[in-house]
Amino acid sequence: MNIVICQEKKIPPSNNLMPELIFKAKSYFIRFNGIFWAILAAGIYFRLVNFPNIPSGLNQDEVASSYEAFSLLTTGSDKWGSQFPAYFSAWGSGQSVLLSYIQIPFIQLFGLNVLAIRLPSVILGILTLPLIYKLTQKWFGTQTARLSMLMAAILPWSTMNSRWGLEANILTFFVVSGLFLTTIILEKIKQNDLKLFDKIIFIFWLFPFGLGLYSYGLSLVPVVLFIIFCLILYRQYFWKYKYLTLGSLAVFGLTAIPISLVILKNNIFGSSLFFEKYLPFSIPLLSSDRLNQINDDRLTTIASNLYFLIAGFPDSISWNNDSVFLPLGLFSFPFLVLGIFYLASKIKFNWRQFQSSSTSILPLIWLISFSPLLFFVPMNTTRANSILYIVMIVSAYGIWELYLQLKNGNFGQKFLNVTIIWIILYGLAFQFNYNILYPKKVAAEFNKDIQKTLLISREKSLPGEQIYLTKEVLINYVFPLFVFQVHPQDFRNNSEIVVDKDGYTVRKFQNFVFDKQYLNLKSGQSWLAILKPCENNWCDRLNTINQNPSCFKHDTLYQDDVWLVARCYVS
């Protein structure tokens, strides 16, 4: 059973030229384009089936970023009033801005809803698939390109990464785009054949990397190191076109100025910059440090990251990964190591020729550029997302090279067939689970039907009655803002907000309360509680009245699998 290797068919003799041409065209399509289009179609289908309703519900991060987009659209400022910020203050430790800016036209067109906020991610996820193919083809050839595209199309991480609106998820498109342009430019300057269009591409070679800095903060390390390594390793080529190289560095520098000022203000000076008022964008001063919030001690971080790599990139966070499946399948790490071994062997034994004739060293450069993060940041699939497509490509290269080593015997073809069948079956099993079982498992984590629940709560609330939204919902205050499309100025004017070293705490907004201790009720008053049914002490107000911790009388107004709305009474 030969899956990848396609045998050329002989064209039957014919006196009629037209059938012969049709046969040739059909044969060409099947051999060279049919597999590509089939894989692309599968990838598109798995990203669009039941879209945008799976994952069912809304994650707090995508709600927060989309409300920032809504705020930018309506006021030109984020929800805290910062004009066109280079980085959102968000909840105090910051949030990347690029996805929110991309979402603005979609929200303008479709409104502030789940379709609008997830469309940019799924579009960029689909566009990444042919980019993966073309990039791998230039590095390692057509057969490896088919393998890597197959992995990208159906394996768990890349599918899930495309289907919901986390700002970090779109980084992968810009990384792949940047690597593709890098490859194109190196090929062109080696051929010494730069036409006008090629020179324009050269100037904007680093632009995707510059944009990537605004999609996820951790991208700064691999992007900067990758550019430095490329300039050193391919210095003879870049020096030959030094003015174009300087131009491309200038474009990257201009693109990176806003985020560089954010880093300067928060990590160097710790205070406002004297020229900020002259800028067309704002630079927030963050109240807390995200890296300090997530970091463990150095030894624990290194040990956990070593396990993360060896175990196949496991992730226990439900919105990042389905716990039944590994993000890249069971085979990712072994074939990654094998692919690195084959690449390193070529470099070791023929470095000078390899450097001057091949761009396939680029994935190794990117992996090396990412590696310093492994010593400082505990990894999950979001924090490692800038390498996971590269892992797929290098793994596919390892599979194909091993096949070439074994192909003289019968075992080689069997190995290749079994590997491809396993990738397909693993991917299909995940897709079935993701569309049938996964939505039920993560309904609570993705806050399914929270829009309906909030609307019911407001409808059933009495005049002046306070509504408490459980702290089981992370960043709970953004959900009423999103659902009721609250004007940002209204939010700022009618909220009780505390800013300290732990970040921004929104205690109240209008009649919504986001922590029970701020209810401050008088005897005889009632309030509504929006809770997860598994919570205990539904109406316990944490000793806010007469230091009495007991659970008071309540009436259930609405309940489903995720939510319970109860009216609670003070004794």
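Ile475 to Ile200: extension gain in nm, 0.36 nm per residue of separation minus the Cα-Cα distance? Don't skip to the end; give the middle numbers.
Working: separation 275, 0.36 × 275 = 99.00 nm, distance 4.38 nm.
Contour length minus the Cα-Cα distance gives 94.6 nm.
Above 44 angstrom, tally the Cα pairs of the chain and express them as a % of all pairs, no decimals. Working shown, then result.
Working: 41884 of 162735 pairs.
The share of Cα pairs beyond 44 Å in the chain comes to 26 percent.
Asn410 to Ser345: FRET efficiency via 1/(1 + (r/R0)^6), r the Cβ-Cβ distance, R0 25 Å, to the nearest 0.05? Intermediate values should be presented prior to the final figure.
Values: r = 25 Å, r/R0 = 1.01.
It comes to 0.50.
List, in the order given, every pair from Lys452/Lys516; Lys452/Lys501; Lys265/Lys452; Lys441/Lys501 whose Cα-Cα distance in the structure shown is over 32 Å.
Details: Lys452/Lys516 22 Å; Lys452/Lys501 34 Å; Lys265/Lys452 41 Å; Lys441/Lys501 35 Å.
Distance filter (> 32 Å) returns Lys452/Lys501; Lys265/Lys452; Lys441/Lys501.
Let me spell out the model: positive unit charges on the Cβ of Lys and Arg, negative unit charges on the Cβ of Asp and Glu, origin at the Cα centre of the chain. What dipole size does that give, in debye rounded to 20? Provide the component values of the computation, followed by the final result.
Values: 46 positive and 32 negative charges, 349 e Å.
The calculated dipole for the chain is roughly 1680 debye.
Mind checking which aspartates and glutamates have their C-alpha under 13 Å from Lys240, skipping anything on the same chain fewer than 8 residues away?
Asp193
Restricting to bridges with both residues inside the chain, how much of the DSSP beta-bridge set is antiparallel, in percent to the nearest 5? Can you show the working numbers first?
Working: 21 of 28 bridges.
If we restrict to bridges inside the chain, about 75 percent are antiparallel.
Go through 474-484, 38-48 and give me the packing order, highest mean Cβ count within 10 Å leading.
474-484, 38-48
Which one, Gly329, Pro314, Ile393, is farthest towards the positive end of the dipole of segment 310-424 when Lys and Arg carry +1 and Asp and Glu -1 on their Cβ?
Among Gly329, Pro314, Ile393, the one farthest towards the positive end of the dipole of segment 310-424 is Ile393.
Do the alpha carbons of any pairs in Lys440/Lys532; Lys138/Lys190; Lys242/Lys346 sit beyond 19 Å of each other, and which pairs? Intermediate values should be presented prior to the final figure.
Values: Lys440/Lys532 15 Å; Lys138/Lys190 14 Å; Lys242/Lys346 29 Å.
Correct reply: Lys242/Lys346.
Under 12 Å from the Cα of Lys471, which aspartates and glutamates turn up, not counting those fewer than eight places away in the same chain?
Correct list for Lys471: Asp515, Glu535.
None of the figures in this text is laboratory data; all of them are computed from the coordinates on show. This is a predicted model, so every value here is computed, not measured. Using ideal geometry, Cβ is built from the backbone for each residue, glycine included, and neighbour counts are taken over all protein chains shown.
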